[in-house]
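Participant: Have a look at the structure that comes next, please.
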Amino acid sequence: MLKIKELTKKFDSLVAVNRVSLDCKKGETLTVLGPSGCGKTTLLRLVAGFEKPDQGEILLNGEVVSQPNKIIAPNKRDLGMIFQDLALWPHMTVEQNIEFSLRSKRMNKTERKKEVKEILEKINLEGFEKRYPNKLSGGEQQRVALARSLVSKPKLLLMDEPLSSLDSILKGELIQLLTSLKDQLELTMVYVTHDQEEAKSVADRIAVMNCGRIEQVGTLEEIRSDPTNKLVKDFLNIHTKPRSFRLEG
Amino acid sequence: MHNRLVYIVALALFCIIVLAPILSMFLDSFMVEGKPSLSNYSEVLKEKRQIGLLVNSLILAIGTTFFCLLIGVPLGFLINRTNIHLRNHFSYLFLAPLVIPPYISTIAWIHLLGSKGILNIYLMKLFSVTEPFFTIYGFLGSIFVLTLSYFPFVTLLTITGLKSFDRRLEEAAEISHGSWDIMKKITLPLIYPYIFSAAIFVFIFSISNYSVPDLLRVNVYPVEIFIQFSAYYNHAKATALSIPLILILFFLIALQRRYMGNKSYVTVETSSREVKVRDLGWWKGIAFAFVLLIIFLSVLVPISDLIFTSRSINAYVVAFKTAHPQIINSFILAFSAATVMVILAFIVSYITERAKKVLKGSLDFVSLLPFAIPATIFGIGLTATWNTPSTKFIYGTSLIIIFGYVARFIPFVIRTIGSNIKQIKVGLEEAALISEPSWAKRILKVVAPLSKSGILAGWGIAFVLSMGELAVTLLVTPAGEATLPIRIYTLMHYGAQQLVAALCIILVCVTLLPIISIVLIGRLSRVQIAIK
Ligand SMILES: Nc1ncnc2c1ncn2[C@@H]1O[C@H](COP(=O)(O)OP(=O)(O)O)[C@@H](O)[C@H]1O
Ligand SMILES: [Mg+2]
């Protein structure tokens, strides 16, 4: 579904994304895990079409959407995105935020209302329609952002550290919500985070990123049984078991 | 306790300089021959003239506001959001009209497009007609000149608005919409408070401008008030006359406060993301021509006309010889007034920012009051307050002019410095409390340096406006203490064209002098200042 080939993005002399290649199959959740500043946000912005790559290309459903000299606008890519700091529109109510993100222009007023109502139900936000984002708690804002990104029923959902500002209980609730939605809506997700627990709990596969490069890609078990280097090991908290046993004993 | 004393002195000065004239002129209007009476008002209201004045004033102000928005908002977008040619230069050049006082550009335009204007004479010859097609006199000309003087306020606030919100709010919409929808539903609504404020300010400036309608013979409130005062010396009636105008201005200021709320007028460029610059493509040429035309009409035409009219270096020599006392006087007065304003404004906005909610709201509103008082009325108020035997040391000297400048322009400075102080978190100051127990030193070492850009900008604005001030000075200036604008205005009536032109150019240059130094010292260009 999503295919990234040899993608490079530079900001002046800084190489934010360095020859990254990744694949993401339909219905899969791929987490990109890496420390702050390693280029995760930049990678997502490239996929969304906000940035132009310096080298390489991105394909969505077999169609080239980003190349150094050709770029298809974000609104033509059929994707949803949750921004690192949410970017809810402060001048619109919850309902307006969600309705404005409804892509199709062919729907009439009642159909649009119906779509908005449906997604609000799914995400447990009924009763919040007329509120403004600054009158919501962190978790509620997070759910509005989620509703907004899903209302158009995109096939691909990009998430940039969507839960990093929440406490662990809320985090757990939202991860559950996300997992159920993913099955209902047959979503493919790219989930960016610096938190390994989060990565482990949502991922089908994990890509470990550092300094603009992908260090290793695989399921948690694959990476755990054969980490390519110390950095991956440290970042996923992988201990060699015999050693820790001996210490305990 | 130390700080209390400073607060009290500053607030007292603010009240004496700014509020006393407003209050005393109000009280005076309810007095007839020493007794309380409403007859000034009843007399004024009976006159049919009121309606005519009101209509004229509204036409002028609404027309100017409309055209300022029409020019100023697109210009802000072009400069901030597109790859227009010379983008970096336009980002400060658009402010240039602000250093040319409106009456100076009016003088130039009369010279070009007056009934005997050189351009009109040329056109009449060319088409062999005896009447000019268009003269600068009247409503159209006044709106034209005022628009070219005031549109930078709109552009400035538009740009500040565009910089005030996170780019991601627009990106979040890019996921689902094209650029036109985003502009309509996200960008414009987000900067709407800024545009609305700009519109109100332009409206206030143009409805209370005296010089332009006076020179271009449009009968509006400020002109009529001035006549009442200077010809009949009836200041109570003059004040009563202006009450409808003051009420309108009050209402607008309250409205502006409501919409703008606590928004900042200064945005210090954040290090995060640069704005996405849109490629104008095919429109690039047209956009460039549009911006050039605006700069051409608002700056190049008046300035080159004046240079052309002054004709020779000799005119400047004569100008210096005859007017050097006024040149020096103007500079010193504007310099001192700007400095006083910055100090007062700093303390007042510091108190406002750190004060409790109720006090905060009222201080904020009071500091905007001078906007609601047309300059000519302010002049009357100053006279009523200070023209007493015991205050001759103020009324009879240049001090009264400084008072006038401060009273009229301090709102600008408070807005500018205040929005800067707003960005300094209380925590930063408390952190300094640990190592620096002296309040004064903390202010000087922590707060003042952090609001440096606001202070410099505030000073610059205060200086520019004071250098060009005419309406108040005209009413209160003591004998023999004339300023350069007064000199220009009176010489005009004697038809000394060449000398007037040279003096106008000198005025603009002297105004620019400290501004250029500030830009060089403070690198003002990296900070966007907006006036509210
Ligand atoms: N627009 C930009 N201009 C210049 N440098 C940038 C820009 N965006 C990101 N960077 C730099 O690229 C690197 C990667 O940033 P980012 O993708 O935001 O990392 P992450 O999301 O993993 O924390 C950082 O060093 C950051 O400073
Ligand atoms: Mg990031």
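The values are calculated or read from the model by the stated rules, or taken from the named source; none is laboratory data. As the structure is a computational prediction, the values presented were derived from the model and not from experiment. Don't worry about glycine lacking a Cβ; one is built from the backbone with ideal geometry, like all the others, and counts go over all protein chains shown. SASA here: full protein model, heavy atoms, side chains in, ligands and nucleic acids out. Shrake-Rupley method; radii C 1.70, N 1.55, O 1.52, S 1.80 Å.
Participant: Show me the strands (runs of 3 or more DSSP E) found entirely inside the range A:54-132 where at least 2 residues are β-branched (Val, Ile, Thr).
Facilitator: A:63-67
This table checks each residue for (1) away from chain A (no Cβ under 14 Å); (2) open to solvent by less than 10 Å² (accessible area, probe 1.4 Å); (3) of a type in the set (A, V, I, L, M, F, W, C); (4) not in a helix (DSSP H, G or I).
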position	(1), (2), (3), (4)
B:PRO152	yes, yes, no, no
B:LEU157	yes, yes, yes, no
B:LEU190	no, no, yes, no
B:VAL202	yes, yes, yes, no
B:PHE226	yes, no, yes, no
B:SER230	yes, no, no, no
B:LYS237	yes, no, no, no
B:ALA254	yes, no, yes, no
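Participant: Within the range B:137-150, count every residue that is hydroxyl-bearing (Ser, Thr, Tyr) and either open to solvent by less than 20 Å² (accessible area, probe 1.4 Å) or within 14 Å of chain A (Cβ to nearest Cβ) (or both).
Facilitator: 3
Participant: Which one of the conditions (1) within 14 Å of chain B (Cβ to nearest Cβ); (2) of a type in the set (Asp, Glu); (3) more than 16 Å from ligand 2 (Cβ to nearest atom) does A:GLU63 fail to meet, given that it meets all the rest?
Facilitator: Checking A:GLU63 against (1) within 14 Å of chain B (Cβ to nearest Cβ); (2) of a type in the set (Asp, Glu); (3) more than 16 Å from ligand 2 (Cβ to nearest atom), the one that fails is (1).
Participant: Could you tell me how many of the residues in the range B:54-85 are without any contact (Cβ under 8 Å) to a residue 24 or more places away in the chain and closer than 30 Å to B:ASP166 by Cα?
Facilitator: 2
Participant: If I ask for residues that are surrounded by 20 or more Cβ atoms within 10 Å (Cβ to Cβ) and either more than 10 Å from every other protein chain (Cβ to nearest Cβ) or in contact with a helix residue (DSSP H, G or I) (Cβ under 7 Å, 6 or more places away or on another chain) (or both), which ones from the range B:171-186 would you list?
Facilitator: Answer for the range B:171-186, where residues must be surrounded by 20 or more Cβ atoms within 10 Å (Cβ to Cβ) and either more than 10 Å from every other protein chain (Cβ to nearest Cβ) or in contact with a helix residue (DSSP H, G or I) (Cβ under 7 Å, 6 or more places away or on another chain) (or both): B:ALA173, B:GLU174, B:ILE175, B:SER176, B:HIS177, B:ILE182, B:ILE186.
Participant: Being away from ligand 2 (no atom under 16 Å from the Cβ), in contact (Cβ under 8 Å) with a residue 24 or more places away in the chain and surrounded by fewer than 20 Cβ atoms within 10 Å (Cβ to Cβ) narrows it down to one of A:LEU187, A:LEU181, so name that one.
Facilitator: A:LEU181
Participant: Kindly indicate the residue of the range B:117-131 that is loosely packed, with under 12 Cβ neighbours inside 10 Å and assigned to a loop (DSSP other than H, G, I, E, B) and also farthest from the chain's Cα centre (by Cα) among those meeting that condition.
Facilitator: Here the answer is B:SER128.
Participant: Here is a follow-up. Could you grab me the full set of residues in the range A:65-91 that are of a type in the set (A, V, I, L, M, F, W, C) and buried (at least 19 other Cβ atoms within 10 Å of the Cβ)?
Facilitator: A:VAL65, A:LEU79, A:MET81, A:ILE82, A:PHE83, A:LEU86, A:ALA87, A:LEU88, A:TRP89
Participant: If you don't mind, another one. Inspect all residues belonging to the range A:33-50 and state whether any of them is within 16 Å of ligand 2 (Cβ to nearest atom), in a strand (DSSP E or B) and either farther than 13 Å from A:VAL190 by Cβ or out of contact with any Cys (no Cβ under 7 Å at 6 or more places or on another chain) (or both).
Facilitator: Yes: one or more hits.
Participant: Among the residues of the range B:442-460, write down those that are open to solvent by 30 Å² or more (accessible area, probe 1.4 Å) and under 15 Å from the mean Cα position of the chain (by Cα).
Facilitator: B:TRP459 - this is the single residue of the range B:442-460 that is open to solvent by 30 Å² or more (accessible area, probe 1.4 Å) and under 15 Å from the mean Cα position of the chain (by Cα).
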